[in-house]
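Asks: Take this structure first; my questions come after.
Quick note: the coordinates plus some simple rules give every number you see, no bench work behind them. This one's a predicted model, so the numbers in the text were calculated from it and none came from an experiment. Here the Cβ positions follow ideal geometry from the backbone for every residue, glycine too, while neighbour counts run over all protein chains shown.
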Amino acid sequence: MGSFVGYSTWITSCDEGFYRVVESRDQGGECMEEDATLFRLWGTSRNRKGNVARSGFTTAEIETRKLMLLTMPVCSEDADNEEGKGYLILWVTDTRHVHDVGPISAADENAAASSLLYKGGDGKEEQLLSVYEKKTGEGDSYSLVSVRLTGRLQQRKGVVGAWKEVDEGVRKLCPSNAAAPASSGGRCRSSVSIEGLVGYLAGALIGGQWKEE
């Protein structure tokens with residue numbers, strides 16, 4: 001669970017095989033699902049079936065933008081990894097954009113359930129810590145690992161800045177049904193709304209696929 005001023009958020013695993021985000025503005029008395037389509041990209045397991053490892057989840061804020069930080073296990077698809085061993089990835093999202101900050105564990109640790117602990121804000125020094133389960137042998141034997149991730153928070157500022165640039169660029173695009181008057185220098189009088197925008201594809205193709213901006 002994460003908290004912002006005025007409301008709280010939860011991330012929950014679903015039978016459909018992906019995660020949902022719900023929020024409440026009355027301390028859990030009534031919950032509503034967030035329109036966070038990006039969360040459906042994260043599967044709850046390798047095949048989106050079976051048991052689900054609890055993921056780390058916390059909230060933070062930068063430049064008035066509310067962010068969610070998550071740690072989720074990802075299984076490599078190597079031929080040597082038939083058992084589906086997973087390593088943890090740290091993600092940051094504002095529910096409209098998502099950024100892969102990078103791995104915080106090694107694949108041979110076969111990380112499972114994790115928690116994220118964040119402290120900071122209001123001018124205070126920020127700290128980010130992850131605690132996760134590491135498989136130590138055969139069967140269900142696990143140990144706990146603690147990792148400081150405070151240094152990874154610096155990436156967040158650059159990421160948020162890039163998101164703002166992309167959003168502004170999209171707003172200045174012409175809607176398909178709106179012609180740009182010549183007197184405006186090629187710009188449209190009306191702007192494109194970014195509400196509900198899941199992705200923005202631009203630039204050259206890479207390996208036959210569009211680059212996700």
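Asks: Would you tally the net charge around Leu129, using a Cβ to Cβ cut-off of less than 10 Å, leaving Leu129 out, and scoring K and R as +1, D and E as -1?
Replies: Charge balance in the 10 Å sphere: +2.
Asks: Further question: Do any of Lys119/Lys157; Lys66/Lys119; Lys66/Lys172; Lys66/Lys124; Lys124/Lys157 go past 22 Å between their Cα atoms, and which?
Replies: Lys66/Lys172
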